[in-house]
Amino acid sequence: MPTVAALLIVAAAAALKPAAFMEVWRTNWASRIIMLVTLALTLAVPIQYAVLAGVALSTIQYVSSASLDIKVRRLVPAGEGRFVEEEPPKRLPDDEVTIIDIYGSVFYADTAAIDAKLPEVAGTRRAVLVVRLRGRGELGSSVIGLLRRWAEQLQEGDGALLLAGVGRHMADQLERTGLTALLGPQNIFPAHSLVYQSTQEAYEAGRRRLQRDTAP
């Protein structure tokens, strides 16, 4: 038994990594709490339950932070395929093409958090909204519902919702959920290897739409 105890002490001591501990401690307050709670649980309950509790707390913390860590920016064409980032307008301008880029995870996103940072869509006239979705695998059901509502509100005002940078998996998801039929296949622009290429294509398509509607 003394030999086994000595082996356990050596194994535990080797598992201690002060550098990793300090890195977690400096990250943020949530990481500190999760680490301290997991440490306390290892002294009070069987270690497997303590580990499971730590994993559960980390998962909850990740989903919570991912749902709120959302940033919305407006992209303004600057020529030669380049764009300037700006704060989005409070209301979507009528008779214009507006490009919106959403930073952060939108799979777990809180729709209220996104909606509050986006321009007001309801009541607009002939407004075209381009949403850039490059680099995203799939969308959460809440965001699918949000896109559906924007599309319907824009169509009521003779406008349109265009999606740029859509990957293969997301294209399949849009087809399954009926968004492709609602938006129209011509308003979904696949991602290109050239960055911002699909965004530029969507912007030009929106401009053509507005010019065509105003033509005598």
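The values are calculated or read from the model by the stated rules, or taken from the named source; none is laboratory data. What you are looking at is a predicted structure, and each value in this text was computed from that prediction instead of being measured. Reconstructed Cβ throughout: ideal geometry from the backbone, glycine too, with neighbour counts over all protein chains shown. Heads up: the accessible areas ignore ligands, DNA and RNA and are worked out on the full protein's heavy atoms, side chains in. Shrake-Rupley method; radii C 1.70, N 1.55, O 1.52, S 1.80 Å.
Identify all residues within region 44-62 that are free of Cβ contacts under 8 Å to residues at least 12 places away in the same chain and more than 25 Å from the chain's Cα centre (by Cα); write none if there are none.
A44, V45, P46, I47, Q48, Y49, L52
Out of everything in region 204-216 that is of a type outside the set (D, E, K, R) and assigned to a helix (DSSP H, G or I), what residue ends up being least open to solvent (accessible area, probe 1.4 Å)?
The residue in question is G206.
Can you name every residue in region 149-181 that is of a type in the set (K, R) and surrounded by 13 or more Cβ atoms within 10 Å (Cβ to Cβ)?
R149
Return yes or no: is G54 at pLDDT 80 or above, loosely packed, with under 13 Cβ neighbours inside 10 Å and not hydroxyl-bearing (S, T, Y)?
No: the conditions fail for G54.
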